[in-house]
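Here is the structure we will look at, set down as structure tokens.
Read the figures in this text as sums done on the coordinates, not as results from a lab. Remember, it's a predicted structure, so these values are computed and weren't measured experimentally. Glycine also receives a Cβ, built like all others from the backbone with ideal geometry; neighbour counts cover every protein chain displayed.
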Amino acid sequence: MSKRSAVIPGSFDPITYGHLNIIERALEIFDQVHVGVAVNVSKNALFSMDERIALIEEVCGGDPRITVGAFEGLLVNHAAERGATALVRGLRAVSDFEYEFQMAHMNRKLNPEIETVFLMAGEEYFYVSSKLVKEVASLGGDVEGLVPPVVLERLRERLLTGETEA
Ligand code: ADP
């Protein structure tokens, strides 16, 4: 049987336990998962592309089924180039749905051979987003348990120095 592979796209600024939950569950369905870090994120990213990729690699612990890389341009093209047959997205709230629904249909129009698969957020992480984690951490709130320890450390360092990625 041929290997099935999926791309999990996103900004991952930074990776959270919510992302990891989706990655782990995608690996129950697919043989290989490629975490695609989007280049075209808004300018006020907290971590650079290299930092975001390094953190994902670190927390995914060298699992040979997981690869990580940056992508620019159309996601379906990136997925096709990698031989992936699916895109995996996480759904947290109804508010995620409308945008995801549009994107899934647009991506199907662009490449009907690539299916979008949605995984419901794990109940312990449905309220976790990179954006909220950054906001809370920047206000001195405790985000332990929402992000892996190495991310927690990098967040503390970065927020203490007050830098943002230009
Ligand atoms: P984007 O900016 O494309 O939404 P993110 O890095 O925020 O990128 O998210 C990447 C993917 O991970 C998206 O499909 C998003 O829905 C999913 N995701 C993020 N946080 C969670 C979570 N807590 N539970 C489930 N899925 C999540």
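Which count do you get for residues in segment 113-132 that are more than 7 Å from the ligand (Cβ to nearest atom), of a type in the set (A, V, I, L, M, F, W, C) and outside any strand (DSSP E or B)? Selection size over segment 113-132: 2. Taking residues in segment 95-115 that are β-branched (Val, Ile, Thr), and partners anywhere that are surrounded by 13 or more Cβ atoms within 10 Å (Cβ to Cβ) and in a strand (DSSP E or B), the pairs with Cβ atoms closer than 7 Å and at least 6 places apart or on different chains are ILE114/ALA86; ILE114/LEU87.
Just wondering, is there one or more residues in segment 97-112 that are within 25 Å of GLU135 (Cβ to Cβ), acidic (Asp, Glu), in a helix (DSSP H, G or I) and within 14 Å of the ligand (Cβ to nearest atom)? The answer is yes, given that some residue of segment 97-112 is within 25 Å of GLU135 (Cβ to Cβ), acidic (Asp, Glu), in a helix (DSSP H, G or I) and within 14 Å of the ligand (Cβ to nearest atom).
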